[in-house]
Ligand SMILES: [Zn+2]
């Protein structure tokens with residue numbers, strides 16, 4: 001399949017998802033023009049705020065392929081990813097992303113991903129989400145153990 005055909009599939013999934021009561025987002029993971037997995041937004045149907053199309057597609061691809069590393073694969077998403085999904089795309093080591101709608105299009109229909117992008121640019125004390133460091137001297141124990149562990153699976 002060409003990149004347009006793969007994007008058309010992501011768009012088709014987004015349209016079907018609206019018809020099925022979900023959010024207007026779809027994603028496809030592919031390699032060499034072949035689809036390996038798809039995902040749609042299931043936030044409300046699964047009561048899962050992390051069930052965005054891209055994260056769903058990454059989970060499906062990793063489960064199918066039995067790996068946590070999607071190097072060599074590409075993602076086609078009907079909309080520019082939110083910061084969570086963008087992070088997931090980096091963590092999955094996908095080679096490239098393609099998107100149809102952009103984050104301004106999403107904002108215009110009430111999905112304000114740009115709000116989180118804006119927050120990330122602010123110093124922590126000016127963000128809407130208060131945060132506080134608690135027990136760092138105890139939390140570091142697992143990190144020390146990880147550093148010393150010889151049979152760890154690095155990712
Ligand atoms: Zn997302």
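Cβ-to-Cβ counts within 10 Å put 73, 99, 90, 117 in ascending order as 90, 117, 99, 73, the fewest first.
A helix-only calculation puts the chain at -13500 deg cm²/dmol for mean residue ellipticity at 222 nm, using -39500 (n - 2.57) for each DSSP H run of at least four residues, averaged over all residues. Shape verdict for the range 1-118, please, from the Cα gyration tensor: rounded (a/c under 1.5), prolate (a/b greater than b/c) or oblate. Rounded, because the longest to shortest axis ratio a/c is under 1.5. So how tilted is helix 136-148 from the main axis of the chain? Cα-based, degrees 0 to 90, rounded to 10. With both axes taken from Cα atoms, the answer is about 80 degrees.
How far is helix 53-65 tilted off the main Cα axis of the chain, in degrees rounded to 10, range 0 to 90? Long axis of 53-65 versus the principal axis of the chain: about 80 degrees. In terms of the mean number of neighbouring beta-carbon atoms within 10 Å, the peptides 25-31, 9-15, 46-52, 147-153 order highest first as 25-31, 9-15, 46-52, 147-153.
On the beta carbon distance between residue 105 and residue 47, with R0 = 25 Å, the FRET formula returns roughly 0.45. Once you keep just the Cα pairs under 8 angstrom separated by 6 or more residues, what percentage relative contact order results for the chain? Computed over the chain, the figure is 16 percent.
Is the range 72-155 best put as rounded, prolate or oblate by its Cα gyration tensor, with a ≥ b ≥ c the root eigenvalues, rounded for a/c under 1.5, and otherwise prolate when a/b is larger than b/c, oblate when not? Since a/c reaches 1.5 but b/c is at least a/b, the shape of the range 72-155 is classed as oblate.
Helix 3-19 axis versus longest C-alpha principal axis of the chain: approximately 90°, rounded to the nearest ten.
Read-outs throughout are calculated quantities, based only on the coordinates presented, and are distinct from any laboratory measurement. Every value quoted in this text rests on a predicted model; they were computed, and no experiment measured them. So basically every Cβ, Gly included, is an ideal-geometry build from the backbone, and we count neighbours across all protein chains shown.
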